[in-house]
Each structure stands twice: as structure tokens, then as C-alpha cells.
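The values are calculated or read from the model by the stated rules, or taken from the named source; none is laboratory data. Values in this document were obtained by computation on a predicted structure and should not be read as measured data. Heads up, the Cβs are rebuilt from the backbone with ideal geometry, glycines too, and the neighbour counts pull from every protein chain shown. Side chains included, ligands, DNA and RNA excluded: accessible areas come from the protein's heavy atoms. Shrake-Rupley method; radii C 1.70, N 1.55, O 1.52, S 1.80 Å.
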Amino acid sequence: MELPSKYNPKETQDKWLKIWKDNNVFHAKANSNKKPFTVVIPPPNVTGILHMGHALNNTLQDIIVRYKRMNGFEALWMPGTDHAGIATQNVVEKQLAKEGKTRQDLGRDAFLKRLWAWKEENGNTIISQLEKLGSSCDWDRTRFTMDDDYSNAVREAFVSLHNKGLIYRGERIINWCPRCQTALSDEEAEHKEKNGKLYHIKYPLKEDKNQFVVVATTRPETMLGDTAVAVNPKDERYVHLIGKTLILPLMDREIKIIADDFVGMEFGTGAVKVTPAHDPNDFLMGQRHQLPVINVMNPDASINENGGKYKGLERFEARKRVLADLEALSLFEKAEDHKNAVGHCYRCDTIVEPYLSKQWFVEMKPLAEKALEAVQKGEIRIHPAHWSKVYTNWMEEIHDWCISRQIWWGHRIPVWYDKDGSYYVAKSQEEAETQAAAMHGHPVELKQDQDVLDTWFSSWLWPFATFGWPDKNDDLKYFYPTDTLMTASEILFFWVARMIMAGYEFMGDKPFTDVLIHGTVRDAKGRKMSKSLGNAIDPLEIIDEYGADALRFSLIINSGQDIYISKEKFEIGRNFANKIWNASRLVLSHSLPLEGRVREAGDINLTDLDLPSRWIIAQFYETLSKVNSAIEEFHYSEAEILVQDFFWGNYCDWYLELIKPKFNDPKIQKTALFILKNSLKMMHPFMPFVTEEIYSKMNSQDDCLSRAQWPIKPQELIDLQASAQMQIIIDITVAIRNIRANWNVKPNETVDAYIIPGDDALKELLSTNGADILRLARLKNLFLDSKITLLKNSATVLVGRNKVLIPLEGLIDLDAEKKRMSIEIQQKDKSIEGLQSRLNNESFVSKAPVEIIAKEKERLDALNKEVHELKNVLTSLS
């Protein structure tokens with residue numbers, strides 16, 4: 001059956017998505033006779049829509065899962081979505097705002113009902129988009145972090161950790177988002193460099209108000225809550241003032257000057273204001289010196305009643321008023337430019353406020369010990385390796401994790417309180433009531449904690465909670481630990497490190513063996529893609545225009561530490577998909593009687609085959625071996641380059657061209673079909689749709705390519721001598737083509753070629769295969785003569801131990817061509833001189849962006865190579 005003349009990606013994708021799903025092709029079963037290979041998807045938020053980061057991440061996962069499935073593993077790719085507490089609540093709250101309502105107007109139960117309705121309507125959008133990408137997940141297993149079973153796992157984890165003393169409730173300085181009005185963990189408060197000010201303020205001494213201690217602060221509005229000024233006990237400037245009393249400006253409150261080793265003598269003036277309720281370091285200092293704690297902010301970051309006349313002002317408006325009033329009192333000395341790392345909410349980008357609050361925390365150091373040791377000993381491997389050091393640094397400096405959130409969408413904290421304030425930790429209210437009754441001797445009324453758990457507290461259980469933990473079922477025993485995790489660097493701490501800790505804590509084993517940290521998708525200018533910059537490319541648009549295979553292939557082949565992509569680069573994948581289609585159409589149209597006959601390597605006998613056929617078989621298996629290694633080592637871009645070079649270069653450009661005159665030979669047809677079939681298998685993990693469609697036309701015994709067996713390298717089909725001999729034929733053909741191109745010989749002009757073979761064996765090889773060189777190099781005549789040493793006006797090139805001469809006289813105007821090349825060399829030399837001068841200019845190098853300098857260096861290297869080649873061409877003329 002012939003393929004249609006043109007490949008239709010959309011039609012093919014729709015067809016195979018349905019076949020795969022209807023036939024449950026990607027379903028994995030526990031306790032099979034196969035070895036398991038498990039990957040858990042980094043669960044996208046239910047609010048999410050497919051972006052290029054998702055496309056990259058999920059293509060990488062799909063490649064390894066398809067590869068392992070074809071290699072005989074019971075490969076499971078576990079899909080699912082995360083409830084995304086803050087993000088999802090924000091979406092629904094914005095909807096309510098348009099109706100003039102708040103969540104408080106609805107009440108908790110009605111608001112949660114509305115959230116669930118939104119989730120049912122919109123929460124699977126990202127899943128359907130991942131299907132369009134070709135993701136071979138076991139879709140019947142799709143999990144959601146607020147499913148009943150999963151919620152049970154979350155409660156189990158909380159109760160277990162609390163019973164071990166690793167979860168506690170305490171009043172601490174946390175990161176507070178005034179817009180979301182919830183606590184955030186340290187990792188959720190992303191620090192960004194900001195150009196700010198360092199304000200110098202005079203604090204008068206009580207005993208002599210004409211004397212001052214000048215403090216420097218970046219947040220003058222928080223001075224309303226100051227309860228001390230601190231200096232270093234070794235700072236000679238202030239030793240005589242330690243213990244004296246200051247009058248807090250604007251509030252007229254007496255505060256002491258204290259000595260603390262924490263104070264840096266070099267920062268600002270060496271004297272710092274101490275505000276225990278609004279700074280984590282000040283809070284610790286306050287505890288050491290038993291200072292009063294005064295909170296001057298409301299949850300929305302406006303000033304509260306403790307801020308005196310500034311009550312009700314928004315924090316940054318309060319800053320302006322405070323500074324103006326200080327200046328009016330001659331207590332404001334100066335403001336200096338100051339760069340400062342300021343925390344921002346990872347969801348809404350609001351500047352977070354260090355805020356004293358009673359929250360639930362996980363003590364992390366005991367959990368981090370095994371997780372740190374696992375990476376250091378290589379039990380868990382992080383790729384690229386430099387991320388291991390980043391991981392280690394973070395784990396060694398780990399802080400306790402604030403896990404309570406002041407929102408309604410999420411796993412409600414499994415803690416109940418009685419009227420006295422005593423609390424009971426349990427997996428259900430019934431269990432809590434039983435505990436309370438036992439303590440009081442009679443039933444008591446309980447109220448559940450209003451807060452929910454941090455979203456990451458549920459997702460850190462993902463590798464085992466998705467399999468029904470704490471139930472010890474067959475799936476959990478078979479598929480855990482998982483094998484490979486692929487993710488972005490920004491959630492190395494949010495998610496990856498925490499999953500490792502949870503795996504050892506709750507399962508007693510690592511959650512996975514390998515972690516691949518992939519790069520970030522950037523635009524052609526190196527900027528991270530974002531809606532705000534307007535440089536984002538919609539993967540769904542690329543799929544519609546170019547096809548999913550083109551999207552996948554182009555993303556991976558351009559990947560490295562980061563991926564620089566533009567819309568035009570997706571033409572790489574589209575062109576390759578079309579090449580696969582057209583080449584397959586050619587082979588299948590000549591191989592109808594043989595469809596389905598070539599099933600195993602044993603069907604091929606090298607003794608029956610010509611040199612090109614023996615060569616292409618050897619080249620295929622050499623490529624396959626390298627592709628296997630590249631995939632196993634997570635070098636996917638390298639694997640794609642190998643695949644493309646073999647199929648487009650060796651198979652299409654050389655082999656199919658070499659066999660065109662003899663395509664009616666059954667042995668040739670058989671070989672061409674054999675290599676095509678196995679090439680489709682090798683390309684399938686990267687481009688599943690086009691390969692699946694072509695494979696289905698070959699009447700294979702396999703139900704579909706997705707479940708076919710990966711090619712196995714048979715040593716008896718590797719003819720190294722054929723590879724070496726064929727390479728000589730190719731090199732000579734390329735050399736003649738290059739001479740034609742360099743000397744502007746017209747494409748339709750045939751030329752003569754003289755070859756001086758290096759020895760008799762080479763002469764016999766060239767004689768036997770001369771017809772191929774004659775046709776592929778567009779020669780009129782090919783002469784093999786060991787006696788020729790020189791031909792007048794001939795371009796000469798040495799190919800291995802063979803000398804090739806092409807007489808040019810009469811074909812071109814030699815003098816004109818020499819002149820043209822000489823002029824071109826002079827022009828390029830001038831450009832090289834200018835570029836070199838520019839790169840030697842220290843002023844340019846110090847001011848120019850790194851990417852501009854890199855491009856200039858690339859231009860210089862390219863020009864030097866071009867001049868070198870041109871000079872070689874001129875020299876080659878005998």
C-alpha cells in the first residue's frame with residue numbers, strides 16, 4: 001500500500017491519539033514478567049495550559065518511556081495534576097470579583113463548591129494538551145492531589161510527622177504575601193535584586209536629645225515597631241552607649257541600645273534598628289535579649305493600631321509619610337542608593353513582608369540527613385552533575401518549612417481545637433473527638449483548624465501517594481521506587497529535594513534513581529519566554545502549523561543547558577518529518593511484494609548483498625549503538641542528531657541514491673525495507689506520530705510501533721570492511737562535488753575525473769564501484785591511472801591515499817575564477833582584520849553584552865575557515 005503523496009500531521013495525530021487511547025496501549029500492569037520502569041510526571045497545575053517548558057519537559061519524559069517500553073520494560077508514565085492552592089483560589093476569586101463578591105460573601109463551603117465546579121470544567125485542559133503532544137502516559141491512572149485516596153495520604157503524612165515530633169506549631173517570622181494573604185515558605189518567596197535606598201535616621205538619646213545614634217534601614221516604615229537599637233559589642237564607636245536609652249522617633253517610645261555579635265560593623269552606620277515582629281534576624285535578636293514584640297501591620301500590609309497616627313496607611317504610603325515627618329523633625333539624615341534582594345510571592349509577584357505569625361512548621365534537618373547522604377553517595381544521581389553541589393548546599397543549610405496557608409482551597413490541616421485551645425492531631429474528626437473525650441473524660445466540641453497545607457506538602461508524596469500509599473498494594477510494591485525524574489531547576493528545592501526526603505521517611509527508600517535537570521526555553525535573544533515580554537510561543541499553535549513531531553524534534557535537537565528557540569526553528573522538525581515520509585513512500589512503492597516479510601535481522605544475509613547494502617546495515621547498527629548510549633545517558637539532543645544524520649544523510653542522501661538504478665533487485669528492496677523498518681523504530685521515541693503511521697502501512701505483526709521491540713544489534717551483520725570501503729567511495733564523490741561547487745562548474749555540466757589509486761586493492765575497489773561515483777558525482781568519464789602525476793589546469797585533491805584530479809580547462813574561465821577567489825579572499829581578510837580589531841578593543845569587550853561578543857567570535861571563526869578553504873581551492877589547481 002502506497003503512502004499519500006503529502007504527509008498530513010493533523011490527520012495522523014488525531015488518528016493515532018484515538019487508537020492509542022481506545023486500545024489502552026500505554027497501560028502498565030503490576031507483577032508482570034517484565035522489569036518495571038517508572039516515571040512520575042511533574043504534575044502540572046490544574047490552572048495550567050501547555051507552554052514551551054511543559055512541551056520540553058514532557059517530550060524528554062516521553063522519549064525515555066517509549067524507549068524503555070520498546071526495550072521490553074513494563075514502562076509506566078504516571079500522569080496527574082496538582083490542585084495548586086494559591087493559584088487556583090486566585091483564579092476563582094478573580095471571577096467572584098467581577099461579580100462584585102468575595103469568598104467571604106459565599107462562605108467556605110459554597111466557595112469550595114465553586115472551586116470544585118471550576119476544576120471539573122477546566123482542570124483537565126492541560127491533560128488533553130499533553131495528549132496532543134504525544135505523551136504516552138497511562139491515562140487511566142491519572143491522579144489529582146485532592147482525590148480522596150491522595151488526601152488520605154496527606155493526612156497520614158501529617159499525623160505521622162507530628163507524632164514523631166517533626167511537625168510543630170510556633171510563632172515565628174514567616175514570609176507573608178499581603179495580596180494572597182497567606183504564609184509562604186522560604187522557597188516560595190523568590191528573591192530579586194532591586195534598586196532601593198538605605199535610609200539614615202537619627203534616634204535621639206534620652207539623656208541628651210541633641211545627641212543621636214544614626215541607624216540605617218531599607219524599610220523605615222517598620223521603625224514604628226522598633227523595640228531596641230543594636231550595635232556590635234566590639235564597635236568602639238558605640239561601646240560607651242551600650243545600655244543607654246533612646247527615644248524612638250515619631251512614637252516617643254523609650255528603647256534600649258543593646259550589644260549583639262550579629263550586628264555587622266561595616267553595614268550602614270554599624271547601628272541597626274531591632275523590630276522583632278518584622279524581621280527574622282531581629283526576631284532571634286529579640287529572643288536573645290527578651291525584647292518586646294510589636295506588630296505594626298495588618299495582614300494586607302497596611303499599618304495597624306500599633307502604628308499610631310499612621311494607622312490605615314498602605315505600607316509604601318506609610319514609608320513616604322514616615323520619611324516626610326522625620327525630615328520635618330530634622331531626624332532624617334540622608335538616603336543612599338542600595339541594591340537589595342527583596343522577596344516576591346512566587347504566585348502573584350507581590351513583595352512579601354517578613355511577618356510574625358503563628359503557623360505550622362516541619363522540622364527539616366532530621367529529614368534532610370538521609371536525603372543528603374543519598375546524593376552524596378550516588379544512590380540518587382542528579383544530571384548535570386553540577387546541580388548536585390547546589391542541592392548539597394541547600395540541604396546543608398535547610399530551614400524549617402512553614403506548611404500552613406491561610407487559604408481555603410487545599411488539604412485542610414488535620415488538627416482540631418477545643419474551647420480551651422488544646423489541639424488534637426488526627427486523620428479524621430472522629431479520631432480527634434475520641435482523643436479529646438479521653439483527655440477530658442467526656443465528649444467535647446471541637447473546631448478544625450481553618451488553614452490548609454502548603455501545596456508542596458501534598459506533592460512531595462507524589463512518587464508513592466499516586467500508587468495508593470499508605471495502602472501496601474501491588475502497584476506500590478512493583479512500581480516504587482520510580483526510576484527517572486525530569487524537571488526544571490527552579491523546583492529542585494520546592495519539589496525534588498522534598499520528594500527525596502519524603503521517600504526515605506515514609507517508604508524507607510529513595511523515590512527515584514536519576515534526576516535530569518533540563519534547561520529553560522528561551523527566545524532567540526536568550527530571554528526567558530513570558531507573556532509579559534510578548535515573546536512566548538504557543539506549543540499548540542506550533543502543533544497545528546507544523547505538527548507535534550516537528551515541535552518535539554525541534555525542541556530537543558536545539559536543547560542544551562538552555563534552549564534558544566524561534567518559530568522558524570520548528571521547520572527543522574517539520575522538514576525531517578517530511579523527509580521521513582517521502583523516503584518511506586519511495587521505498588514502500590518499490591517494495592510492495594515484500595511488505596511484512598522482513599521481520600528479524602536473521603532475514604538478511606550479507607553474502608547476497610552489494611557494498612552499499614552491507615555498508616548501510618553496518619551504519620545503522622553503529623548509529624543504533626550510539627543512540628542507545630545517548631538516551632541512557634540523557635543526551636537526547638545528541639541522540640536526535642545521530643538519528644537525523646543517519647536517516648537523512650546515510651540512508652536517504654546516499655543509500656537510496658546509490659540503489660535507484662537497481663531498485664528492482666529483490667535483495668535491494670529487502671535491505672531498503674529492513675533499514676526503513678528499523679529506522680522507524682529508532683526514530684519513534686522522538687517522532688511518534690509519523691513513524692507510527694508509516695509503520696502501520698508495512699503490515700507488521702506488531703499491533704503498533706509503540707509496543708514493537710527495539711532493534712537488537714546482531715554482530716554477524718556488522719561488516720566493518722564494507723563500512724571502510726564505502727566511506728572511500730563517499731569521500732571521493734564528496735571531493736569531486738566540492739571541486740565542482742568551488743570552481744562554479746554548472747550543475748548540468750559533466751566533467752572528467754582522474755583518480756590515482758593508493759594501491760591495487762583501492763584500484764579494484766574503485767573499479768568495481770566506479771559506476772556509482774560516475775553517476776553521483778555527475779562525471780562524463782572516470783579514469784583510474786596510477787601513472788598520471790599531473791594534469792595541466794586541473795583541480796587536485798587528496799582523498800586518503802587516493803589522488804583526484806579534475807581537468808577544468810574548457811569548462812570555466814580559469815583566470816576569471818582565480819581572480820574572483822582572490823578578490824573574495826581579500827574582502828574576507830579585511831572583515832577579519834576589522835573583527836579582530838574590535839575584539840581586541842578593551843572598551844568594546846567590557847561594555848558589549850556577552851551574547852554580542854560570542855556572536856562576533858563566531859563570525860571571526862567562520863571567516864577564518866572560509867578564507868582557509870578558498871586558499872586551499874586556489875592551491876589545488878595543478
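Quick rundown of the values:
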| quantity | calculated |
| --- | --- |
| Between region 215-271 and region 87-113, the alpha-carbon center distance in angstrom | 45 |
| Rounded accessible area of K18 (nearest 10 Å², 1.4 Å probe) | 130 |
| Nitroxide proxy distance, nm - points 7 Å out along Cα→Cβ at N781 and H338 | 8.9 |
| Whole-number accessible area per residue in Å² for the chain, which is evaluated in the context of all protein chains at 1.4 Å | 45 |
| DSSP-loop GluC sites (Glu not before Pro) across region 425-494, with at most 13 other Cβ within 10 angstrom | E445 |
| Lys/Arg +1, Asp/Glu -1 at C-beta; the chain dipole; positive extreme among M507, P4, T102 | P4 |
| Selected from N175, G165, A117, residue furthest toward positive end of dipole (region 68-177; charges at beta carbon) | N175 |
| CD proxy at 222 nm, helix term only [per DSSP H run n ≥ 4: -39500 (n - 2.57); per residue of the chain; nearest 500] | -13000 deg cm²/dmol |
| Whole-angstrom gap from region 128-143 to region 738-815, using each part's C-alpha centre | 56 |
| Between helix 315-328 and the chain: long-axis angle, C-alpha atoms, 0 to 90°, nearest 10 | 60 |
| Extension gain, A30 back to E236 (0.36 nm per residue minus Cα-Cα distance, nm) | 67.0 nm |
| Count, lysine Cα pairs under 14 Å in region 712-849, 8 or more residues apart or across chains | 4 |
| Contour minus Cα-Cα distance for N664 and R253 (0.36 nm per residue) | 137.8 nm |
| Per-peptide average of other Cβ atoms within 10 Å, ordering 724-737, 173-186, 97-110 highest first | 173-186, 724-737, 97-110 |
| By average C-beta atoms within 10 angstrom, highest first, the peptides 465-478, 774-787 | 465-478, 774-787 |
| At most 13 other Cβ within 10 Å, DSSP loop - GluC sites (Glu not before Pro), region 710-776 | E749 |
| Region 542-596 - Rg over Rh from alpha carbon coordinates, Kirkwood radius | 1.17 |
| Efficiency of FRET between D645 and S767 - r from beta-carbon atoms, R0 41 angstrom, step 0.05 | 0.90 |
| Region 790-824: GluC sites (Glu not before Pro) in DSSP loop, at most 10 other beta carbons within 10 Å | none |
| Net length gained if the chain between R288 and E541 were fully extended (0.36 nm per residue, minus Cα distance) | 85.2 nm |
| Förster-model FRET efficiency, 35 Å R0, E369 and S625, C-beta, rounded to 0.05 | 0.30 |
| Cα-based helix-to-principal-axis angle, 148-163 vs the chain, degrees rounded to 10 | 50 |
| Mean-position separation - Cα centroids, region 172-201 and region 837-878, in angstrom | 47 |
| Alpha-carbon gyration tensor eigenvalues x 5, square-rooted, for region 507-637, Å | 37, 23, 14 |
| Local electrostatic count, V92, Cβ distance below 12 Å [Lys/Arg +1, Asp/Glu -1] | +4 |
| Packing-based ranking, highest mean first, of 339-348, 272-281 given that Cβ atoms within 10 Å are counted | 272-281, 339-348 |
| Per-selection Rg to Rh, region 738-859 - Cα, Kirkwood hydrodynamic radius | 1.20 |
| Between 0 and 90°, nearest 10: helix 666-683 axis offset from the chain longest Cα axis | 10 |
| Inter-probe distance in nm under a simple model that places probes 7 Å from Cα toward Cβ, at L17 and K427 | 3.9 |
| E824/E305 FRET efficiency (R0 56 Å; Cβ-Cβ; nearest 0.05) | 0.10 |
| Distance between modelled label sites at K194 and E99, nm, 7 Å Cα→Cβ extension | 3.5 |
